[in-house]
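The values are calculated or read from the model by the stated rules, or taken from the named source; none is laboratory data. Bear in mind the structure is a predicted one, so any value in this text is a computation, not a measurement. We work out accessible area using only protein heavy atoms, side chains counted, and drop any ligands, DNA or RNA first. Shrake-Rupley method; radii C 1.70, N 1.55, O 1.52, S 1.80 Å.
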Amino acid sequence: MDTSATSGRIAVNGVQLHYEIHGAGKPLMMLHGGVNPADMFGAPLKAMAEAHQVIAVHLRGHGLSSDGDAPWSSELMADDVDVLLGTLGIGSADVMGYSLGGGVALQLAIRHPERVGKLVMVSASIKTSGNYPEVEEAFKAMGAQAGAIGAYLATTPIGEMYPDVDWEKLMRRTGEMAAAPFDWSEGVKALDVPTLVIFADADMMYPEHISEIYRLLGGGTRDAGVDGSLRPTQNQLAIIPGTTHYDLISKGVGPVTGFAKAFLAD
């Protein structure tokens, strides 16, 4: 694999987005989870860049990207990614996102379907009620705890990696964004983009919500038959055993990237 990379910053919707391009092949946009872009841009990026030209973007307010005054939302960040791809001259790309990035990837497919070849959404809910109550309570409390959490993060290796991040602001905005009620069920049901959804077996949402997402994508409606010819949908579901929402990308990186590479290669 060519380990060299190009990088830069592009003005997008009032902010400067940092991006890097690794590898060669069919374009793949990779979108990180909340707080720490490095979770997706270490081993997962290296694995995916073996077969793809990976465009790794830092979402607004994260990593090496700047922030603006607009309230965060997955929809706004998806619009950011749309403009970034257009500015880079990439008409369409496969898109893979984890957690926060999974929601942004999904919104990109919903709002700008012409930009998305295939979608890989990793460990992301599509509605507020899909998450466990303790997860939603933690999001609601995050604003009040933003100062303490931010001060701690600034002293960690993540803080050293991204010294220009306003960590208190990031945590406050993360909490506000995550605590806002949402339901993307109709958008998922209307998707016309080949989609793979990947979850941990002990994820942040109810198992029933994982099933609900797959059903909205057309799966789980009948037996596929001995030869698989009666499979009801082009879309796919993977559940990685022995993982949680929080260690799926580190502990489960092999299965996650393996399933993603196989799906995108079809």
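When you take every Cα atom in region 103-168, what is the radius of gyration, and what is Dmax, the widest Cα pair distance, in Å?
In order Rg, Dmax, the Cα atoms of region 103-168 give 16.3, 42 Å.
Restricting to bridges with both residues inside the chain, how much of the DSSP beta-bridge set is antiparallel, in percent to the nearest 5?
35 percent
Determine ³J(HN,Hα), in whole Hz, for all residues of region 132-147 in sequence, where each value follows from phi through the Karplus function 6.51 cos²θ - 1.76 cosθ + 1.60 and θ = phi - 60°; x replaces Gly and Pro.
4, x, 5, 5, 5, 5, 5, 5, 5, 7, 5, x, 5, 9, 4, x
Considering only protein heavy atoms and a 1.4 Å probe, what is the carbon-and-sulfur percentage of the accessible area of the chain?
Details: 6240 of 11430 Å².
After summing per-atom areas, the C and S share lands at 55 percent.
Taking just the alpha-carbon atoms of region 8-96, what radius of gyration and Dmax come out, in angstrom?
Values for region 8-96 (Cα only, Rg and Dmax): 12.3, 37 Å.
Per q in 0.10, 0.11, 0.12, 0.21 Å⁻¹, report the Debye log10 I(q)/I(0) for region 53-136, using one uniform scatterer on each alpha carbon and no solvent.
-0.25, -0.30, -0.36, -1.03
Compute the accessible area per residue over region 93-178, keeping the other protein chains in place, probe 1.4 Å, unit Å².
Here the residues of region 93-178 average 41 Å² of exposed surface.
What is the mean projected area of the alpha carbon convex hull for the chain, to one decimal in square nanometres?
Convex hull of Cα atoms, orientation-averaged projection: 13.8 nm².
Can you sort Phe199, Phe182 by solvent-accessible area, 1.4 Å probe, largest first?
Phe182, Phe199
Given a 1.4 Å probe and the protein chains all in place, what does the accessible area of Asp183 round to, in Å² to the nearest 10?
Ignoring ligands and nucleic acids, Asp183 comes out at about 100 Å².
Measure out, as a whole number of angstrom, how far apart the alpha-carbon centroids of region 90-164 and region 65-85 sit.
Here the answer is 12 Å between Cα centres.
Say the cut-off is 32 Å between C-alpha atoms; which of Lys127/Lys261; Lys169/Lys189; Lys26/Lys251; Lys46/Lys169 go over it?
Result: Lys169/Lys189 exceed 32 Å.
Sum -39500 (n - 2.57) across every DSSP H segment of at least 4 residues in the chain, then divide by the residue count to get the 222 nm mean residue ellipticity, nearest 500.
Mean residue ellipticity, 222 nm, calculated: -11500 deg cm²/dmol.
What fraction of the Cα pairs in region 95-204, stated in percent, has a spacing above 19 angstrom?
Here the tail beyond 19 Å accounts for 54 percent of pairs.
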